[in-house]
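For reference, the structure is listed below as structure tokens.
What follows draws every value from the coordinates through simple rules; no lab data is involved. From a predicted model like this one, the values you see are computed outputs, not experimental measurements. As a convention, Cβ positions derive from the backbone with ideal geometry for all residues, glycine included, and neighbour counts pool all protein chains shown.
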């Protein structure tokens, strides 16, 4: 231990670990073994299969959790189905009270939630407690309001039924809140599956549901990996699937649910641009970059990991960034002085390392701080790539790690072009002190959220979601409520399938009397394309 | 095309993949429409309604002869089409997003932005009214569309395009490809430069559209084979249609 005098000299951080005993006690209370939460209780089934939840700090097992198979998922859906009539028939005020109680209970257990999340996902405690818990509580409060106001705001709309929700591991409890709160406020019942790498916060949430005397069956939590997710997606009695995760899996779900009658909302990957103009407040911008990119170890899909800098400030900003990166602290996420914890899983770490190696081989300028992260555990030092080609894999693939790539642009129009040059469209951040520049660029960006002189701001009142291959759906705001509501009369419609209407043209009967010349309808058989009536390319005409 | 009794009535073009490609290109070129002020878009919709009403008798007579519905019903279809165009003309400068009340000192604007290029597939019945029902909300908020009209009776739709031609709707905002609607729907759903697709028809067609939309994960709104009452305003016009015609962009600005 250095003396006070020495500390003043070096200005080094001392350790300030958060005590994790409460979380460890909670795990021990459950004998480090967890079961799915179905119909209001932790349910046991025969032939249970387990998977392990790993502490990414040291790779040790935190708990054994049941990998839910067909029996468990069926039971959960059945419970949700049975709970639906009563839950959806409650008055808005009653549902609102349940959601508000939930918000209070979560707030009460905020520290335990944050500790568990940090143990489970490796996310720095500063972030899981200070940032995430506040957002979670706010989300339930906000949607309690929608529950109360549903009937007068969404006139003629009704809940969909049983919703299947699948969430990722980057923000375990926040993603759960984003999914559950609007679904419940609208009057749906839910079967939700947390990510296999971070299930513990969801299981504590199940206990909180019990404490809040939430009606059994309204929320069912099934644990497991992608195989469990598949069972949910395919289940016949689920009317709505909401998924947050990779674009690849989102695409599979799109195909799997096609024609099943299930409603679908997808919140998928991003490759978000962070645009800094030469008239920006550079100090704030650089700080914004550090917060946006290296919080959550860069695992957040909304991280602004494509840095676009105006030519004249390119070197200056990178120099500042390198200085701040040098000062970033990677280590035990329970330490309050730590900026970045470990990556959640070993596979993810390998994937990041592979992409980094590939980018190096592709010729991007590689820079990393001089220090080395702890060897034990899945730690990854932040990486900065310069001079990245817009078409390279690095600029196109969502890396989900603490990797930032920088490139330069000349003017606003080139910035827009570069920013939009991916298949994604989740978020974007613009930094300039010139309001005209900001408001010229914002509408041109393909992104569901655009932050001006700010980054990574979230709120329950503002619907978050993507453009293009970042998915279709908004979570939060009135726009997010529509994801869980359908017009009431829709259930009573007749069908085109049974109807005699022919969807294909009929051949002309040769014996039929032709219409008189003045009754003939159209003269030339053409399409209408642009300003032209254009002859069909194949040259054939329907008769 | 034959009329309801199978008698020859007219010829209609048989669209294929390449026609769709050209139509999508034309729609992309018309992107100025998305930046046209709402007031101007509304005026244009009104002009279309006026020009249609001038030819209302002719349209209703053709619908009567062609689709075999009674004269009263064919007149009702044209009148409703005119009314619906005016209805969305009214909405253009009133569908205006939100300023959300977040937990911070910020202005969080929720701006409804048009998708860009949309694909619209109409069912066989009521060829004029379905085309108007789907395309009016889509263009009212600034989209450009590639529409597949009724496969069975495409000519009222092609006639309607002549009305568009004299209403100063910029070229490329509404493009029409006639032919086998379910086949063309699949091609449109598969097209990566189409950002959103609406399909009204069979449940089989709905499934195909959802499946084919996986490429660019375009937002697809399909009727799952269900038949809405085209004359019931609750079911076929209003907020629901406008909402599906836009995506929300949230813009956060520092504030006070």
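Between residue A:111 and residue A:71, what is the label-point separation in nm under the 7 Å Cα-to-beta-carbon projection?
In this crude label model, residue A:71 to residue A:111 measures out at 4.0 nm.
Sorted by packing (mean other beta-carbon atoms within 10 Å per residue), highest first, where do A:360-366, A:262-268, A:35-41 land?
Top of the packing list down: A:262-268, A:35-41, A:360-366.
Other chains near A:56-68: what is the mean number of their Cβ atoms within 10 Å of each residue's Cβ?
0
Per residue of A:489-496, what is the mean number of Cβ atoms on other protein chains within 10 angstrom of that residue's Cβ? Walk me through the numbers before you get to the answer.
Details: counts 5, 6, 1, 1, 8, 5, 7, 16.
That works out to 6 on average.
With each pseudo-label sitting 7 Å past Cα toward Cβ, what's the residue A:31-residue A:50 distance in nm, one decimal?
0.9 nm
Any idea what the relative contact order of the range B:35-254 is, in percent, if you count C-alpha pairs under 8 Å spaced at least 6 apart?
23 percent
Could you list the residues of the range A:173-210 with an amide nitrogen less than 18 Å from a label point located 7 Å from the Cα of residue A:97 in the Cα-to-C-beta direction?
Under 18 Å, as judged by backbone N against the label point of residue A:97, lie A:185-187, A:209-210 of the range A:173-210.
Return the percentage of antiparallel bridges among DSSP beta bridges fully within chain A, rounded to the nearest 5 %.
35 percent
So what's the back-of-envelope 222 nm ellipticity for the protein assembly as shown, counting only DSSP H runs of four-plus at -39500 (n - 2.57) apiece and dividing by all residues, rounded to 500?
-12500 deg cm²/dmol
Pairs of Cα atoms under 8 Å, at least six residues apart: use those to get the relative contact order of the range B:18-81, whole percent.
Computed over the range B:18-81, the figure is 23 percent.
In nm, what is the difference between 0.36 nm times the number of residues separating residue A:535 and residue A:495 and their Cα-Cα distance?
Full-extension gain reported as 11.0 nm.
With a 10 Å radius around each residue's Cβ, average the other Cβ atoms per peptide and rank B:23-31, A:432-440, B:149-157, A:205-213, highest first.
B:149-157, B:23-31, A:205-213, A:432-440
Across peptide A:258-264, how many C-beta atoms of other chains are within 10 Å of each residue C-beta, on average? Mind showing how you got there, number by number?
Details: counts 12, 12, 3, 7, 2, 1, 3.
Per residue, the number of nearby Cβ atoms from other chains is 6 on average.
Once R0 is set to 25 Å, what does the formula 1/(1 + (r/R0)^6) return for the Cβ-Cβ distance between residue A:417 and residue B:216, expressed as a FRET efficiency to the nearest 0.05?
Details: r = 19 Å, r/R0 = 0.75.
Efficiency at R0 = 25 Å is approximately 0.85.
Packing-wise, with mean Cβ within 10 Å as the measure, how do B:41-50, A:282-291 rank, highest first?
Taking the mean over residues of other Cβ atoms within 10 Å, the ranking is B:41-50, A:282-291.
How high is the relative contact order of chain A, in percent, with contacts defined as C-alpha pairs under 8 Å that are six or more residues apart?
Relative contact order, chain A: 16 percent.
Given the Cα-Cα distance of residue A:361 and residue A:347 and 0.36 nm per residue of separation, how much length would full extension add, in nm?
2.9 nm
What FRET efficiency comes out for residue B:73 versus residue B:239 if R0 is 41 angstrom and r is the Cβ-Cβ distance? Round to the nearest 0.05.
Taking R0 as 41 Å, the efficiency between residue B:73 and residue B:239 is 0.90.
Return A:109, B:39 ranked ascending by Cβ neighbour count within 10 Å, so the fewest neighbours appear first.
B:39, A:109
Would you mind ranking A:325, A:133, A:11 so that the residue whose beta carbon has the fewest other beta carbons within 10 Å leads the list?
With the sparsest Cβ surroundings first, the list reads A:11, A:133, A:325.
Neighbouring Cβ atoms within 10 Å as the yardstick, rank A:51, A:140, A:214 fewest first.
Neighbour counts put them in this order, fewest first: A:51, A:214, A:140.
Once you've got the GNM for chain B with C-alpha springs shorter than 10 Å, pick whichever of B:179, B:57, B:215 has the biggest mean-square fluctuation.
B:215
If I stretch the segment between residue A:375 and residue A:397 completely, what's the gain in nm (0.36 nm per residue apart, minus their alpha carbon distance), one decimal?
Residue separation times 0.36 nm, minus the Cα-Cα distance, leaves 5.2 nm.
With labels modelled as points extended 7 Å from the Cα through the Cβ direction, what inter-label distance (nm, one decimal) is found for residue A:287 paired with residue A:10?
2.7 nm
Quote the FRET efficiency, to the nearest 0.05, computed for residue A:60 versus residue A:152 with a Förster distance R0 of 51 Å and r equal to the Cβ-Cβ distance. Mind showing how you got there, number by number?
Details: r = 52 Å, r/R0 = 1.03.
Once rounded, the FRET efficiency stands at 0.45.
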